[in-house]
Every structure is written in structure tokens, then in C-alpha cells.
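One structure is given here, and the rest of the page talks about it.
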Amino acid sequence: MTVFKAFLHVLNKCNGMVILYTALLLLFGGINAKSGDTTSQFTADKPEIVIVNQDENVGITKNFTDYIAAHSKRKELKSEEDIDDAIFYRQVAFVIYIPQGYRQAVLNGETPELRYKSCQSADASFAQMMVESYLAIQQNYVDAALQANPDEKNISLNEEEVCKDITQTLEQTSTVHVTTTLDTNSMSKAAGYYNFASYSLLAGAIFVICLVLTSFQELPIRKRITISSMNYKKHNAILLASNLLFAIALWLFYGLISFVIVGKVMFRAQGAMYLANSFVFTLCALTMAFLISSIFNNKEAVNGIVNVVALGSAFLCGAFIPVEWLPDGVLAVGRIFPAYWYIQTNEYLKTLETVSVSGLKPVFINMLVMALYGVFYIIVANIVSAKKRVVA
Amino acid sequence: MFGHNFKYTFKVLMRNRMLLFWTFVFPLVLGTMFKLAFSNIENSEKLNVIPIAIVDNEDFQGNEAFRRTFETLSDESSDEQMFDTVYVSKDEADTLLSDGDVDGVLYMNGAEPEIWIHENGINQTVLQYVVDEIVHTSAIMEKRVQNELEQGAMPDIEGLYKNVMEQVAGRKSNLVDASRANMSYTMIEYYTLIAMACLYGGILGMTALSRNLPNMGNLGKRTAIVPISKAKTMFSSLLAAYCTQLIGLAILFVYTIFVMKVDYGENLPYVILLALAGSLAGLTLAIMVTTVVKTGENGKLGILIGITMACCFLSGMMGITMKYIIEKHVPFLDKINPASMITDGYYALYYYGVDKRFWMDVASLGIFSAFMLLVSAQGLRRQKYDSI
Amino acid sequence: MSAVVEVKNLTKEYKQKKAVDDLSFEIRQGEILGLLGPNGSGKSTTINCILSLLKYSAGSIKIFGEEMTPDAYKIKRDIGVIFQEVAVFEELTVYENIDYFCGLYVKDKQERKKDIEDAIALVGLDEFRKYYPKQLSGGLLRRLNIACGIAHKPKLIFLDEPTVAVDPQSRNNILDGIRKLRDDGATICYTTHYMEEVEILCDRIIILDRGKIIAQGTSDELKALAKIEEKVTIETKHFKPEFLEKLQAAPNVDKAEYAGHQLVITYKSGKNNVAKLIEELSAAGITCNKIFSERPTLNDVFLELTGKELRD
């Protein structure tokens, strides 16, 4: 009990950092939680577009802006700087500027210059495609109308007719079938949360456990423990159990939060798998903390090590940014961290349609890898601490 | 005396391994990780060649518009390649789709195109759009032919077709790109890194200052009884800390510019000016924490690290979008966060060049620093203590 | 002898209690003044007040005849302080540490160099000058701490418990050094709760308890305050109770007790007490194995004045 109390005492001293890691997790989880429109029907991706219309919004111009607005998430931004900021931060994919007198110029058979800004993302490319395609159709019908009445030009050019033709043409769409039954949106939200949790869990566990263990390992204390009447092994066992308890508490805590942030996915079979996966990872983080604390006896060093290891593992394995965006070389290096296997499982679960034993085979393999890492860490930690047992 | 104290403070700071780790090494390590993790992001967000499967049945082979369009758009030698197309049977296509090897399947059912996809996404949307365009083109053709027939003319179908195809596929529209240059938004990550280094640099000032304050320990007591004015010892200590900070920052700049190829825009003198202002903000923040917060040296260090991490988080270090969200929705937070001011300053330099926004950021840092000093003034000026 | 430090009616209150209570004393030119008192008696607080580090509620402090303030740089130039806790830079070597602190007083490099060498010689750290504080033992660290405080050759030196937790060898070295500083002309104020140190080192002693002076004077003067003059202990196996009664009746005997073959007699006054006692014992036919005679210690004085032991 004494050992456990001492553990709690030291733990109490470093709860500030644990709160910080948790706050980061909450903020991240909260921000990534987009409104979950759950559907297994086809919905076209709508790029964010800003239309800056300096022309009168009637006739041809109106038809154009209406079409774009209908096929995009139209955003209104006040200043040019707001637009530039939004483009840079990829909050707006595409901006189209319609100059004054655009309608008249089109009706005259001209192709007036249209300025645009693009953030060069896929959404932006698609938006550009959409605009170009609209303009081509528009030109086609205007040309046809002009050819039909070459003498009277714009006077007789029936603007209403042209607009109707364009709209009619664009209304014809192909049929799209979606095969998935998954709510991909909330699934990726869950995966995102748990991926980030790998950082919070790892940093929290390593930080606290290392600090506690190094406190116990400081030379005067170590001497005292060594000569105390309590069996060395018993002492270590209690310490280990305390740490285990803390790690599980941390896991439970983050697990509970996930129910709030992620929502109903957590009540499905996949949710249970996310929890199981993070549990195995927590145990693995615990062993990692043991290894680190057995190597470094210096409290000051712990803070540095925690940050390098936790951030390294988070960046290289895809805890912060989606795995598919990571270069292959980085992922190859990431394999040396247990977090890689943990995150791979999360990503796999994201796309898993139904939970079955055969479908979960890769999950179990990843868990096994993490367990092996854990065993490996414990063995190395034991070798290191056996060498250090004799007080130098 | 000034030089003597400066020299030794500098020596003490440069020999403290823990300090050097946080202020010199840690930003380099973090920067390297950024480089590794983010090097691919900007390519990933671009529209890549989309893998699709087309069910190779008679209906498809018989439809010239579709066959020719997809042939053109799947041409590997072309810059315009949009699709990586495989022609397979219906069953094979289904397998490819469910395995995630292709993003979509095109299946011609008579004259009606059907698209099969597994999940929604931009690639799927693009596929649908291209198919729709072909449908539209046919629709235009029909309309044009019909019009000409109505007017009693014998339509030149071959000519019309060519004309329509040219207009639709040739894209003769007059679009002009007005986007700004310097669109690489991952640069923000490195700017937050500089911001972090500026703020962490304050730890140096905190250490140097602690040794001048009698209520912060024995070295402070000893310094308090020397026959030199407190202002003088304190100023020279802080100046030494500031210089050490700048050395660390210089190393970081050299590393980010030459090794990680970070782009700070073209205005080097302004980049340096912002670094000076940012470091000053970090230093004064540390002075404020040292003098105002009432805990031990370690507690203050923890608080400073916590504040720094929180500030960096809010300025986009753990997700660039964060910066934008705060800037547009909680501008108040942005205005008091020194990490945001630094990040935004570099962003302004990179994206807009030296203009109003940059000077606003520099001025904000100046005001922030002045405010921090004002808050700390009482603690700094105090010579006698109620208890030590 | 003129007063180097004059403290008048100094009072320092913390929230509830008075740490220093209406304290007045002086430190005279060329003396070693010992401030003796148990932990928490206000010794360090008094010194911090004298140094103008602490605000105090009432009183005045003059050093070298002038008012002491935080800006009194002329006074500060001639003061050296060795604080209770070691105050040196972990990142600097022994030599650099001394150079740093000395440099805050002595501008001239040549002069400083000599001062540092003197200080190193004084505390005997010659072979350790390139060591970092972490590599020094507790005693050596204390010596470095002292060297940092006195390298600039101050005229007035405060030493606040410089020998706490120090091995005997370093302690002797430190005490010798302090004597040498006094012999070189410095005035020294020395606080401790080790009475033995005070007895052998100090010219004058002030005993503090709960922020008040309870006695002051030379070692002998203080001991005179104790009611006892001499304590004699006799080991004997053939004691006669009637002899005890006779002893207790004697006018100069304060107390006489016999227990466990030991006879303990405390005399209030008188000379040749032991000689007379031996005569009386042999006259009464009592043989004794051992006889000890002790002079009262400062602890006895403290016990006498406060009713409690000096050591906690």
C-alpha cells in the first residue's frame, strides 16, 4: 500500500501534462468531428467555391452562377484578403470572377476573359472542369443561335431559349450505384480519433510512468529500497501493478471520451474492436515506458525523450495526418513503432464492412505484432535493469 | 560588469544540456518529422490519375463517343491523362471495385451509362462528371440536329459533330488564372515551428532571470547583494539569454532553409526582423511567467512549456486548418496568441509579401512584448521581499 | 571598538508570527560575532533583513555608519555573504564560479585574478579548480560556496550556517579560514546552531530564541549566567546516604543526587570544589573509582534561560 500511495503522490505531481495531452486529444477529436451526413447514396463531392459576380445577376450570368452554386458549396467572403486566405488554407477550392458586362459580351458572341483562383487541389481541378464544361456548352448554344440568325445578331438572339437549352442539357445525368453500406464519414471520424489517441496514450503513459519510475530509481531512494525489508521483487511487482492500473485508467478514460465524440459507431462491433485495439496498444505503451525508464535515470531527460518518442511515433505512423498521405519511405520507418500496427488496424477497421473472424485476421496479426513488441521491450528492460541493480 | 555578467550568463546557458535540448535540438527534431510526414501531402491533395474499370461489352464497343473519350482521357503519354483504365468483364470489375483497386466502374447498359462506385469521393465525382459530359455532348448534338431539321435545312451531321466535339473537348473558354504564387500550405507547419522555437527560447530567459531574483533561489540572493544595480545585472542576463535564443533560431533557420527547403519568401531582412520580434515575445512571455506565477522553477518551466504547446496548437502546428478556424471564427484568440502572430507574419511574408498584414503582426508582437513587460514590471523592480 | 553594523529595534512579521521581535544589537569592528539559536529562531531572517533582501516591519539598520538600502552599492561592495544553501552555477567550474561572483565586485582583471587565487588557497580547492560542482563532495561544495562569497575581500562577512552537513575535515578547514579572514581584518557575523563552533570561534555571542535576544556576551560571560559553576560526577560503589545529606546542606551546592553508583553534584559557586570534595570523601571513608569535573556549556545556559535544549 505504501508503494502504491507513493506512486499516487508522484502521479499527482505530473497530472498537468496528462491534462495537456488529453486536451489536445479532445480538441483534435472535436474539430475532426464533421457533421456526419450518413448516406449510402451517391452524393457528388461539392467543392467549396466563391463566386465574385460584378455583372448584373440576370439572364446568362444568372444561369451560370446558379449552376455553379447548385453544384458546389458556395461560400461568401467579404474581402479579397479573406479569399486569398481561404484559398491558401484550402478552405475554398476555387474562386471565379465574373466581370462587369459579361452577359452582354457573351450575347455578342464574344468569349470574355474570366479570372479564377484555384488552390490546385482535386476539388479545385474538378471545379475548374465544371466551369469549363459549362462554358463550352454555353458557347455551343450561343454559337448555334447566332448562326441561325447571322444578320440580326444579339437583337434576336433568344437569351431565354439559350438558358433553357443549357439547363436542359446539364440536367441529363448518368445513374450511379454505391455498393458500400458503411457510414464512411463517421467511420473515419472514429479512426481519426483513435489514431490521434495513440499519441495521447503514448505520451501520457510514457511521461507519467517514466517520471514515477525515475523518481523511484533515483540513487538515494534506490539504495533505500534495496536495503528495505520489502522484497525487491515484491516492490517491483507492486510498482508494475500501479503503472498497469494507471495505464488502464488512462485507456478507459480515452475510451469513454470516444463514445461522446465519435458517437454511435462505438456501439457497433467495430467500436469494440477499436477499444480492444487501443487496449493492446496501451499495454504496449506501458512496456515501452518501462524500457525508457530503465534506460534513462534522469528526470530532466524524460521530458525530452517523451516528446521525441511520442511525436516521432505519431508523425511517422500517421496519428496526426492520414496514413494515405504519408510517403512510403516514412511508413517503412514507422514500422519500428508499435503505433504503426495500431494505426494500420484502425485504418483497416474503417473500411471493414462486416465484422467476422476471417475478416479480423489482419487485426489479430497487428495485435500480435504489438504484443511481440511489448514482450521485446520487457526483455530489453529487464536486461538493462539487471545490469543496473548493483548500485554503482 | 555588464560584459562580465553577460559573458557568464551566456556560458551558463550554453552549457545547460536540458535547456539546449528544448531550445536548440527539439525544434530541429520536430522539423525533421514535419518534413518526413508532410512531404507528400500537397501531392496527395491534387487530382491524381483515377483508376477505373470499364466493362468491356458490346454496348461499350458500339458507343463511339464513350469509347473515344475514355481512350483519350486514359492516354498515358498525354499530360491530360485523367484515368487509368482497365477493360474487364462485369465480374472482374466488381471484384476490383470491392477490393478497392479501382475507384469506379463504368457499365454501358444499352445506351445508358451506369457508374458503380464503392464509396463517395472526389474521384468518383470526377468520373461521374466526365460521363455526364459525354451525355451532354450527345444531347447538344441531338438538339442541334433537331433545330436544323426544323429550319428545313439538311443537317451536316458529320460537320456538326466535329464542331460540337471541338467546343466541348477543346475547351476554348477564356479562363485566366489569377491565383497567387506560393501556394504551399504545409509551409505553415514550419512557420509554427519557428514560432515554437521563439517561445521555447523564453526558457533561456527564464533560467537567466531566475538567477537574478532573490525569491527564486540562492543564486538570486547572491546576485541581489552585489554592488551593481539590479536593472543592470538583469538586463545583461536577459540580453545574454536573448542572444542565445537567436543563435538557436539561426541554426533552425539554416537547417530549415538548406536542409528542409522551407520557403520564407523573398524578403530575408524581414524574415529576420520577424524572428527578432518573435524571440522578444518569447522572452517577455517567459519573464512574465517567471515574475508573476508563484511556483518553483520547475513549475514555471512546466507552465511555460504548456503555454507554448497550447499557443502552437492554436496556430496550426497539429493541423494547419486550426490556424484558419481560429483566425476567422475566434479572432480574439488569434490576437493574443504570440505563436499565431509569428506564424501569421511568416505566412504574410510568404503569401502576400511585405505589406500591411506583416507589419500588423510585427506590431502585435511588439505590443504583446510591451504588455508582458508591463505586467512583470512590479516583480522585476521589487528589491525587497516579504519572504524569500 | 566601533560598530560596523548597528541593528535597532528590528521587527519582521510573517503572516501570523513574529520572526524577529524588536531586535537590537551591533557587530563590532574586527570581531567574530556568533548568532546562536535553534532552527527557526530568526537567525537567517535577521541576516536577510540586514542585507536588505527582506522587508521588515520596523527598526533601522546601519552598516559602516550608513543606512542600508538595496541601492547602497558602496556598502554592498564591502560585504560578503555565504548563504546557508549552496549557491553556485552547476554549469561553471570551480574557478569560473569564483571568477563570476568576484567579477561582480572587482572590475580590474589582474586584481581579480589575485583575489581568486587567494580565495582558492584559503578554502583549499587548488586541485579542484577545473571541477564542476556536481563532481565535488558536500564538504568541498561548501568550501566553494564560501570562496564565492569572500573572494572580493569584503570587510564585513556574513556566514549563515556554513558548516551544516559538512565532514570534520572540511569543517576544520572552514573554521580555520574564518579565523584567517578575521585576522586579515574582516568583521564576521557567524550564525550556527552548533554551540561548540561558537565557543571555539566567536569573540562574542548572541543567543536568539523566537526572534528575541535572550543573552549576549563572551563565552565566559554567558556561562556566568548559568546558575551553576561546576558539575562534578563521581563513580563510587560504597556510598553512604548521610554523606549526601551533608552535601545537600552545603551553601554552595545547588543539587546533589546519587543514583546507580553515580554521585552528581552541581556547585553554584566556589573555588577548589573538587579538591575539597576529595578531602571530604576520604574523610568519610568513601572510595571512588572516577571523578569528572565539567564547566557548564552554552547548552546549559540556553536550558537555563529558556527551559529547553538548544539542540532539537
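The values are calculated or read from the model by the stated rules, or taken from the named source; none is laboratory data. No experiment lies behind these values; they were computed from the predicted model shown. Cβ coordinates were reconstructed from backbone atoms using ideal geometry, including for glycine residues, and neighbour counts include every protein chain displayed.
Just a few scattered comments:
- Filtered by the rule that a residue be surrounded by fewer than 16 Cβ atoms within 10 Å (Cβ to Cβ) and in contact with a Leu (Cβ under 6 Å, 6 or more places away or on another chain), segment C:171-201 gives no residues.
- Residue within segment C:212-227 that is in contact with a Ser or Thr (Cβ under 7 Å, 6 or more places away or on another chain), surrounded by 16 or more Cβ atoms within 10 Å (Cβ to Cβ) and in the same structural domain as C:ASP160 (by TED's automatic domain parsing) present: yes
- Identity of the residue in segment A:368-392, among the hydrophobic types (A, V, I, L, M, F, W, C) and in contact with a Phe, Trp or Tyr (Cβ under 8 Å, 6 or more places away or on another chain), that ends up surrounded by the most Cβ atoms within 10 Å (Cβ to Cβ): A:MET370
- Taken over segment B:325-343, the criterion of being within 10 Å of chain A (Cβ to nearest Cβ) and surrounded by 19 or more Cβ atoms within 10 Å (Cβ to Cβ) is satisfied by B:GLU327 alone.
- Test: C:VAL198 is under 17 Å from C:PRO38 (Cα atoms) and either aliphatic (A, V, I, L, M) or in a strand (DSSP E or B) (or both): yes
- Meets criteria (under 30 Å from B:ASN218 (Cα atoms), aliphatic (A, V, I, L, M) and in contact with a Ser or Thr (Cβ under 7 Å, 6 or more places away or on another chain)) for B:VAL292: yes
- Just one of the listed residues (B:ILE188, B:ILE247, B:ILE251) is away from chain C (no Cβ under 14 Å), at pLDDT 85 or above, closer than 30 Å to B:THR308 by Cα and crowded, with 22+ Cβ neighbours inside 10 Å, namely B:ILE188.
- Residue satisfying all of: in segment B:290-314; buried (at least 22 other Cβ atoms within 10 Å of the Cβ) and either among the aliphatic types (A, V, I, L, M) or out of contact with any helix residue (DSSP H, G or I) (no Cβ under 8 Å at 6 or more places or on another chain) (or both); nearest to the other protein chains (Cβ to nearest Cβ) among these: B:MET309
- Subset of segment B:99-129 [assigned to a helix (DSSP H, G or I) and within 7 Å of chain A (Cβ to nearest Cβ)]: B:ILE122, B:THR125, B:VAL126, B:GLN128, B:TYR129
Every residue, every condition in (1) surrounded by fewer than 18 Cβ atoms within 10 Å (Cβ to Cβ); (2) among the basic types (Lys, Arg), yes or no:
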{"position": "C:VAL88", "(1), (2)": "no, no"}
{"position": "C:ASP99", "(1), (2)": "no, no"}
{"position": "C:GLU117", "(1), (2)": "yes, no"}
{"position": "C:GLU127", "(1), (2)": "yes, no"}
{"position": "C:LYS130", "(1), (2)": "yes, yes"}
{"position": "C:LEU144", "(1), (2)": "no, no"}
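- Residue match in segment B:136-143 (condition: within 7 Å of chain A (Cβ to nearest Cβ), over 30 Å from B:ALA93 (Cβ atoms) and at pLDDT 75 or above): yes
- If the condition is being part of a helix (DSSP H, G or I) and of a type in the set (Lys, Arg), then segment B:179-203 contributes no residue at all.
- Flag for B:PHE332 being free of Cβ contacts under 8 Å to residues at least 24 places away in the same chain and under 13 Å from the mean Cα position of the chain (by Cα): no
- Residue match in segment C:38-49 (condition: under 17 Å from C:PHE158 (Cβ atoms), surrounded by fewer than 18 Cβ atoms within 10 Å (Cβ to Cβ) and more than 17 Å from the chain's Cα centre (by Cα)): no
- Among the criteria (1) more than 13 Å from chain B (Cβ to nearest Cβ); (2) touching a strand residue (DSSP E or B) at 6+ places or on another chain (Cβ under 6 Å), the one C:VAL164 does not fulfil is (2).
- Being within 30 Å of C:LYS18 (Cβ to Cβ), in a helix (DSSP H, G or I) and assigned by TED's automatic domain parsing to the domain that holds C:GLN29 is not true of C:CYS148.
- Where B:ASN40 falls short, out of the listed (1) within 14 Å of chain A (Cβ to nearest Cβ); (2) modelled with pLDDT of 85 or more; (3) surrounded by 18 or more Cβ atoms within 10 Å (Cβ to Cβ): (2)
- Condition met for C:LEU303 (closer than 19 Å to C:ALA215 by Cβ and not acidic (Asp, Glu)): yes
- Scanning segment B:94-106 for residues that are over 17 Å from B:GLU71 (Cβ atoms) and more than 37 Å from the chain's Cα centre (by Cα) yields a total of 2.
- Identity of the residue in segment B:358-388, touching a Leu at 6+ places or on another chain (Cβ under 7 Å) and β-branched (Val, Ile, Thr), that ends up farthest from B:ASN337 (Cα to Cα): B:ILE388
- Among the residues here, B:PHE34 does not qualify as in a helix (DSSP H, G or I), surrounded by 18 or more Cβ atoms within 10 Å (Cβ to Cβ) and touching a Gly at 6+ places or on another chain (Cβ under 7 Å).
- Subset of segment B:67-88 [in contact with a strand residue (DSSP E or B) (Cβ under 7 Å, 6 or more places away or on another chain) and either of a type in the set (Ser, Thr, Tyr) or at pLDDT below 85 (or both)]: B:SER74, B:THR85, B:TYR87
- Among the numbered conditions (1) buried (at least 18 other Cβ atoms within 10 Å of the Cβ); (2) under 24 Å from C:VAL94 (Cα atoms); (3) touching a Lys or Arg at 6+ places or on another chain (Cβ under 9 Å), the only one that C:LEU140 does not meet is (3).
- Looking at segment A:295-385, the helices (runs of 4 or more DSSP H) lying wholly inside it that each contain 2 or more residues that are free of Cβ contacts under 8 Å to residues at least 24 places away in the same chain and hydrophobic (A, V, I, L, M, F, W, C) sit at A:299-317, A:328-334.
- Taken over segment B:207-237, residues that are among the hydrophobic types (A, V, I, L, M, F, W, C) and either within 16 Å of C:TYR100 (Cβ to Cβ) or crowded, with 24+ Cβ neighbours inside 10 Å (or both) amount to 8.
- Residue check for A:PHE364: crowded, with 18+ Cβ neighbours inside 10 Å and at pLDDT 85 or above: no
- Unique match (being acidic (Asp, Glu) and under 30 Å from B:TYR255 (Cα atoms)) among B:GLU80, B:GLU45: B:GLU45
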